[in-house]
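The values are calculated or read from the model by the stated rules, or taken from the named source; none is laboratory data. Just so we're clear, the structure is a prediction, and the values are computed from it rather than from any experiment. Neighbour counts are summed over all protein chains in view; Cβ atoms, including those assigned to glycine, are modelled from backbone coordinates with ideal geometry. The accessibility values were calculated without ligands, DNA or RNA, using every heavy atom of the protein model including side chains. Shrake-Rupley method; radii C 1.70, N 1.55, O 1.52, S 1.80 Å.
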Amino acid sequence: MATSVLQPEERRMEHKPKPDAPRLTDDERTAILENNERETGDLPMELRERARVDIREEAALREQALSQMRHFIEKHPAIKKCRTDTPFLLRFLRTKKYSIPQACSMLERYLTIRQMYPQWFQKLDPLDPKIAAVIDAGYLVPLTKRDSEGRRVVLSCMGRFDPHLYDSCVMARVHSMIVELLLDEPRSQLLGYTHVNDEAGMQMPHVSLWSLTDVRIMLNCIQNSTPMRHKRTHFVNIPHYGIKFFEFAISLLSDKLKDRVSFHRTSEDLIKYVDPAILPKEYGGTVPLKDMIEDLKRKLLKHREDLLSLDDMCVDLYALEKNDLTQDIHSTAGSFRKLELD
């Protein structure tokens, strides 16, 4: 029988209870779960039945659809390089409720607009000095907590964007970068997004950043080419000289999206529809905006290489015009060029 060589003091230390590890907060636990989901594309167990009912997602259909989309990409005469990982393809399948032709059509349009409008959709580098400055100012911030519907909430504060220092291309790239950061979240792919747009501080130079043609093209891109389920959009504190601009923009939306837009005169009106507890402290919540900005910056830096590698994707626009693989998209590039002339 083996004899322990531990001395009395060592024996006492051996049986001394180890200090408890720091307990995770609910927010930290959720962040870990969501990070794991992002890597696999899997929804949490509690949302899988909702996915089956709302978007027809079931294991067998999911695998079949992913396989068909990969085959579509491989055989497509115009697509030269494209992501084929599961979280990326699920962006399109979940947005289009597993209609494979519509998902492939949206993917084709997504690749097309990224290449046709690189000034808006490429070089999404969080270390770019102009982009970094706009992020630091707090112009666009995804809130750390989701709303009552489980949706990711994106807050924009127009008064925090300096129109004298930065142009519409910088604004568009900031939006594109944060959208790309969020698009691989499985919960958001299912539940969609809420947008809160605080126009306090808007000046005439903000309005003049965008030509009407660019507004038309950008809204077409957002509606038809970006795999994002826009569930609710709130505008608040619009100055009188910005009303016509927003009326024009809303007129370009589909009827479905028009019905999801709400206007509020003041922040007090807004919080009747958006729980102030999830908003920054400056709007009645508990977490200061600067803390949300720091959280965003950490996530952007973590995924910086992924964001930059999006520019490796490539589509032959000339070949795309001659392609007829999908029934509901003919001459995609031509249709976007036509928009520039309308």
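The distance separating the Cα centre of segment 29-99 from that of segment 140-162 comes to 24 Å. Each part reduced to its alpha carbon centroid, segment 266-283 and segment 101-117 end up 35 Å apart.
Surface exposure of segment 129-307, expressed per residue as accessible area with a 1.4 Å probe, stands at 44 Å².
Counting only DSSP beta bridges whose two residues both lie in the chain, roughly 25 percent are antiparallel.
Stretching residue 269 away from residue 70 to a fully extended chain increases their span by 67.0 nm, per 0.36 nm per residue minus the current alpha-carbon distance. Projected over every direction and averaged, the convex hull enclosing the alpha-carbon atoms of the chain yields 24.5 nm².
Surface listing: 139, 318, 166 arranged by accessible area from highest to lowest gives 318, 166, 139, probe 1.4 Å. The overall shape of segment 154-305 is rounded: from the C-alpha gyration tensor, with semi-axes ordered a ≥ b ≥ c, the ratio a/c is less than 1.5. The stretch between residue 251 and residue 302, if pulled fully straight at 0.36 nm per residue, gains 14.6 nm over its current Cα-Cα span.
Taking K and R as +1 and D and E as -1, what net charge do the other residues with C-beta under 13 Å from the C-beta of residue 206 add up to? Could you put the intermediate results ahead of the total?
On the way: positive: 160; negative: 162, 167, 198, 199.
Result for the neighbourhood of residue 206: -3.
When the chain is described by a simple charge dipole with +1 on each Lys and Arg Cβ and -1 on each Asp and Glu Cβ, the residue from 158, 193, 267 located farthest towards its positive end is 193.
For segment 139-199, which whole-number percentage of the solvent-accessible area (1.4 Å probe, protein heavy atoms only) is attributable to carbon and sulfur atoms?
Values: 750 of 1650 Å².
Solvent-exposed carbon and sulfur of segment 139-199 make up 46 percent of the total.
Model label sites at residue 318 and residue 61, defined 7 Å from Cα along the beta-carbon direction, differ in position by 4.1 nm. Positive end of the dipole of the chain (Cβ unit charges, origin at the Cα centre): among 98, 127, 230, the Cα lying farthest that way belongs to 98.
Its relative contact order, with pairs defined as Cα atoms under 8 Å and 6+ residues apart, puts the chain at 21 percent. When you restrict to C-alpha pairs under 8 Å that are six or more residues apart and normalise by the size of segment 140-288, the relative contact order lands at 24 percent.
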